[in-house]
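The values are calculated or read from the model by the stated rules, or taken from the named source; none is laboratory data. Keep in mind it's a predicted model, so treat the numbers as computed, not measured. Quick reminder, even Gly has a Cβ in these numbers, built from the backbone with ideal geometry, and neighbours come from all protein chains shown.
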């Protein structure tokens, strides 16, 4: 759940009132809510009330780049996971894989499978978190609902207590699996160079197999909820496919040899807004392809495609800005590596993409689905 | 906002990772009861209330504010002072608020050094213009502002008075629930209490039995260079485990993950300086008694600060690296 | 923890002039003025000699007249007068532990030259003490009974003498000796200086008295392997090595030695430092005590092949004293006090290669020469070289391994005099020319200077200078004659002295296993490695372990009269404790706060007094208060801060530190 790309338009926030006779020249959204990370948005409007310039600011710096120096390499998976406690597993395993690379060791097959199991489980529960707790209330409860209802509590009221329990229960089971291997679910400890700290005991396997089955059903049910709550509502579809909410950048995601999505391992592939491949590289080559830009109005730095050079906050096929996360991941790949489940995993937001081509559009409203 | 008789609760984060928010969400089914019993009036990660909503409330309107994260910026200072004013009870939630946490490892470096590296020297940065984040950036006659980046990372109680502490990185759902229950029932211990058992982790550790009575440390191992016995005390295997010096209440989760305790629950109430205490313990238990042997054994601990003060550097008697304008504080003093 | 409110605490502060010791070095009045203004201080005074009776009475009157309930005395080291002031305070009706001393003499007045700085330091220390004493709690000293039995470790002259005194006083003594016989180094000497009386003649009666004494249990060929407990209550484990001869059955008839399958003695004889020979079954020397033979399994055919005819067993006949199956045995004893008399070892001259010891066969240590001179020695008292000839020119080098930056810096105290003794005896036995090479001749003690004069007048060559080189005499290499190169520092010239015997007057050193013994008995060692006495002047035979006393050369080099005197003193001290029947336990002990203890066991192996155990039922650490000496190791090491220590509570220490730093 990284901080979204700092380019307008962002989700309109309710705390800022823009109604009234006297249109303010400036709209401040502080803090940005229902998102991991600290953020503040300053929007400046022109005479007509249109957005003239907006700033998505991150008002803090912790300095991991600095205080990670001097630490033993094997401590990094546990330290970098503190970059984000909502997606600690991602940081933890990225660091762990870096250690493999550092020590030039391949984890044995069982260890690799455990890592993949943990990571894919994390992907599922994390997306469920986003859908039901962070982003989903916008749709399920509604963008115009009062702010005190537009949250998980309101969502449960809307979808019913049983459904709420179902979501909570499933997330708990998934997170228990991560804790089984990782000790803790927030900031797991399983990653070591070339392996994991803990093995799977055979008597626990059937429980996890059952969980996998239940998870698939849960995913399909979630899709149903989404279809009913969002796609079945023409207003929403109009909103999320509107030009104002379309965001054309490059897209980065991890792909396997066949350019299919892979969460755990593979090459990083970047495509432009037109779907053309810009580059493809192994994680260890990141310095050849990615650079960071500094602005005076935010403590966060702005990664961009190094070869293209920093071109400012501009959209289009030539931009050096790239998006990551679910939508970008789909855009950067030619499809999923596993067969779609009943009901189909494709075409949720963008039917025209079909089975072979990527959607090639960027709707931040859907970026995390 | 609808008036309600339910006690009002706020959650806020400072220099943190969001893991503490997840820990609250990890109450899972129990969160429904919490939501039933209280009115959440501020919680950026999950709810859309803004700072101005908070400012609009009367002082002490909030029954309890749970604040996680360390304090590094002027904005964080303002927010926790605001929450302090609006709350009857301010609870430090998690390791960063209690001890400084992982972000406090930055206290080994000077402010300027941090900024220079992050915005100029890091290998991924291209910054030919020498741009640094500024407190104020002009924009068409307006100003876009950023909070100030302070000299050091502080724990919450080094900025405002704190009523209770819930420890952990992150706290467990069980401790969180027990604390909320106690709060709701008005069964709270004396102010300043850490709401977790005041005894070290070894007591809860499933491997306690396997710890020998005559443990002496002749060498320290690193976890990836030794095959760890999943049943045996990690210290007895030479892994520097913070368990003996760390408050229990975490359910020994890392140990169950077959890794050593890194100390996120902080010290017991009786210990002034977490890192110094475990250092004192290990130093006493070191088998070699001659300088050369001691050096050899200590070679297995390449990063004493990161090992012994992983979470507690802000709360340590050791202060941040001394800058030219810093005053030195020895005991119990607040840092600048 | 109870913290008295400041208005309840009424502190009296007293600073002692100690004549000019303190008042001469710092401004006593300024300290008084400063402390008088501190919170909780009801009264502050200075006085010329607080330890005097009027000084103590002043404090006692103030306690009554001003309702003081805490006393701080800034004076000398608490080692000197803490008891004095605690007792004074107690007599005035206060708990003695409400009194605290600040050492502004040794720690301040004596070590600073700047009056202002010394005054500032005294103020800082006093401020710390005032802060700390406010948090003191009333404590009680406890009485612990003392067992009457005494363990004496080491059967040299010191151990023998101490054991006899105690046994004669009716106390049960366990005398444990590592070697097969008691007697120690003294048994190897020929004559003793300065009287030149025969060592054996004065020692062996005492040896046999030990062997025969009903109150002495003598265990030779034995070692103390474990010591647990505390003053009055030591549990000691003694391991008895097998000598393969049953002690009670052996009559010392020596027929077995006669009968041994080896007709001739052919193995190097330990007692004679390898200069003589013995058989596998042997008695170390004729007056060995106990007079029990032993078998060396390293050379005995039965042990090596199992095929010996065992003529020794035949000779032993009905006595059946020989037992090839004998095993190591352990004995457990309980004693109240311990006397350590483990002695010394002589310096190994191989560490100074240019003397050629071990290279040239004509180089001897002084102890070897003692054996050559002795009528019971390997040569029957004839001083003859390894080539069978008597020496005609003998060099004696003093201070070998002593007073030297490269070896031992200290003076071994006895070498000058034994060198003169050997010079005299060699000359007497052989008529040889004897050269003494010395740095200084040191002859303190009764009759020593007279002895020196006597020997000097016998025509001894006394050369002041260190021998710088030893090499075969190029003029006469075949006969093993050596050339000594030495600078005569009185004459200011280089001498080359040919000798055909070189005697090295080796110094005295701590035994190689001193550290092991130190740990076993919780002793301390001084920088030179000998066991450290509690006070060099006022407690010279007490160790730092309560109830453990030191006698003889294990505490430092000394001659026989001093050793015997010290052994007597150690015996008297042990006896004093036994007669009193109890010891007072300082209450500065550590204690585990049971509800706080996690049972992590970190403290258990660290306790030097084995006072900590794990209460198995509770899985919590437990400190035996009687064993605890208040060293604080466990307090510092307890990783969860669950061990506290009386008089050294965290609060007290931190307040003291804060007080010192507040002022500083």
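What residue, of B:275, B:243, is modelled with pLDDT of 95 or more, surrounded by 21 or more Cβ atoms within 10 Å (Cβ to Cβ) and more than 8 Å from every other protein chain (Cβ to nearest Cβ)? Unique residue meeting the criteria: B:275.
Considered as a group, the residues in region B:114-128 that are under 16 Å from residue A:64 (Cβ atoms) and facing chain A (nearest Cβ under 7 Å) include one that is nearest to the chain's Cα centre (by Cα), and that residue is B:114. Checking each residue in region B:145-154 for being more than 7 Å from chain A (Cβ to nearest Cβ) and either farther than 17 Å from residue A:53 by Cβ or part of a loop (DSSP other than H, G, I, E, B) (or both) picks out B:148, B:150, B:151, B:152, B:153, B:154. Among the criteria (1) surrounded by fewer than 21 Cβ atoms within 10 Å (Cβ to Cβ); (2) part of a loop (DSSP other than H, G, I, E, B), the one residue B:48 does not fulfil is (1).
Residue-wise test of (1) in a loop (DSSP other than H, G, I, E, B); (2) farther than 25 Å from residue A:67 by Cβ; (3) out of contact with any helix residue (DSSP H, G or I) (no Cβ under 6 Å at 6 or more places or on another chain); (4) within 14 Å of chain C (Cβ to nearest Cβ).
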residue	(1), (2), (3), (4)
B:130	yes, no, yes, no
B:134	yes, no, yes, no
B:143	no, yes, yes, no
B:161	yes, yes, yes, no
B:174	no, yes, yes, no
B:178	no, yes, yes, no
B:189	yes, yes, yes, no
B:192	yes, yes, yes, no
B:202	no, yes, no, yes
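Could you list, in sequence order, the residues of region B:251-265 that are at the interface with chain A (Cβ under 9 Å from one of its Cβ atoms), part of a loop (DSSP other than H, G, I, E, B) and farther than 16 Å from residue C:639 by Cβ? Correct list: B:257, B:258, B:259. Only helices (runs of 4 or more DSSP H) whose full extent lies in region A:48-122 are considered here, and the ones with at least 2 residues that are under 21 Å from residue B:124 (Cβ atoms) and at the interface with another protein chain (Cβ under 7 Å from one of its Cβ atoms) are A:64-67.
Taking the criterion of being crowded, with 18+ Cβ neighbours inside 10 Å and either at pLDDT below 95 or away from every other protein chain (no Cβ under 13 Å) (or both), the only residue of region A:279-312 that qualifies is A:279. The requirement of being out of contact with any helix residue (DSSP H, G or I) (no Cβ under 8 Å at 6 or more places or on another chain), assigned to a helix (DSSP H, G or I) and under 19 Å from residue B:57 (Cα atoms) is not satisfied by residue B:112. In this entry, residue B:241 is excluded by the filter for residues that are within 19 Å of residue B:312 (Cα to Cα), part of a loop (DSSP other than H, G, I, E, B) and in contact (Cβ under 8 Å) with a residue 60 or more places away in the chain. Residues that are closer than 13 Å to residue C:289 by Cβ and in a loop (DSSP other than H, G, I, E, B) were ranked within region C:209-238; the one that is farthest from the chain's Cα centre (by Cα) is C:213. All told, residue A:146 falls short of being surrounded by fewer than 16 Cβ atoms within 10 Å (Cβ to Cβ) and either in contact with a helix residue (DSSP H, G or I) (Cβ under 8 Å, 6 or more places away or on another chain) or more than 10 Å from chain B (Cβ to nearest Cβ) (or both). The residue that is nearest to the chain's Cα centre (by Cα), among those in region C:546-562 that are closer than 14 Å to residue C:572 by Cα and part of a loop (DSSP other than H, G, I, E, B), is C:551. Screening the candidates C:436, C:406, C:387 for the property of being under 26 Å from residue C:489 (Cβ atoms) and surrounded by fewer than 16 Cβ atoms within 10 Å (Cβ to Cβ) yields one hit, C:406. Residue C:563 meets all of the listed conditions (1) more than 26 Å from residue B:285 (Cβ to Cβ); (2) surrounded by fewer than 17 Cβ atoms within 10 Å (Cβ to Cβ); (3) touching a helix residue (DSSP H, G or I) at 6+ places or on another chain (Cβ under 8 Å) but one, namely (2). Of the strands (runs of 3 or more DSSP E) contained entirely in region C:567-664, not one carries at least 3 residues that are within 13 Å of another protein chain (Cβ to nearest Cβ), surrounded by fewer than 16 Cβ atoms within 10 Å (Cβ to Cβ) and in contact (Cβ under 8 Å) with a residue 24 or more places away in the chain. Among the residues of region A:151-188, count how many are crowded, with 23+ Cβ neighbours inside 10 Å and either part of a loop (DSSP other than H, G, I, E, B) or not assigned by TED's automatic domain parsing to the domain that holds residue A:76 (or both). Residues flagged as crowded, with 23+ Cβ neighbours inside 10 Å and either part of a loop (DSSP other than H, G, I, E, B) or not assigned by TED's automatic domain parsing to the domain that holds residue A:76 (or both) within region A:151-188 amount to 7. Here residue B:28 passes the criteria (1) crowded, with 22+ Cβ neighbours inside 10 Å; (2) within 7 Å of chain A (Cβ to nearest Cβ) except the one numbered (1). Residues being assigned to a helix (DSSP H, G or I) and either touching a helix residue (DSSP H, G or I) at 6+ places or on another chain (Cβ under 6 Å) or facing chain A (nearest Cβ under 10 Å) (or both) are entirely absent from region B:56-72.
Assessment of region B:306-318 against the conditions (closer than 22 Å to residue A:81 by Cβ, without any contact (Cβ under 8 Å) to a residue 60 or more places away in the chain and assigned to a loop (DSSP other than H, G, I, E, B)) yields no matching residue.
Residues in region B:216-235 that are surrounded by 18 or more Cβ atoms within 10 Å (Cβ to Cβ) and within 14 Å of chain C (Cβ to nearest Cβ): B:217, B:233, B:234, B:235.
Here residue C:465 passes the criteria (1) farther than 29 Å from residue C:394 by Cβ; (2) touching a strand residue (DSSP E or B) at 6+ places or on another chain (Cβ under 6 Å) except the one numbered (1).
Yes/no matrix, rows are residues, columns are (1) within 26 Å of residue C:113 (Cβ to Cβ); (2) modelled with pLDDT of 95 or more:
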| residue | (1), (2) |
| --- | --- |
| C:5 | no, no |
| C:13 | yes, yes |
| C:17 | yes, yes |
| C:28 | yes, yes |
| C:33 | yes, yes |
| C:46 | yes, yes |
| C:55 | no, yes |
| C:60 | no, yes |
| C:74 | yes, yes |
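Which residue is surrounded by the fewest Cβ atoms within 10 Å (Cβ to Cβ), if the candidates are limited to region C:280-335 and must be on the phi > 0 side of the Ramachandran plot and in a loop (DSSP other than H, G, I, E, B)? This residue is C:306. Of all residues in region A:63-89, those that are crowded, with 20+ Cβ neighbours inside 10 Å and under 21 Å from the mean Cα position of the chain (by Cα) total 13.
Conditions tested, residue by residue: (1) farther than 18 Å from residue C:522 by Cα; (2) modelled with pLDDT under 95; (3) in the same structural domain as residue C:195 (by TED's automatic domain parsing).
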site: C:535; (1), (2), (3): no, yes, yes
site: C:544; (1), (2), (3): no, yes, yes
site: C:555; (1), (2), (3): no, no, yes
site: C:558; (1), (2), (3): yes, no, yes
site: C:566; (1), (2), (3): yes, no, yes
site: C:574; (1), (2), (3): no, no, yes
site: C:579; (1), (2), (3): yes, no, yes
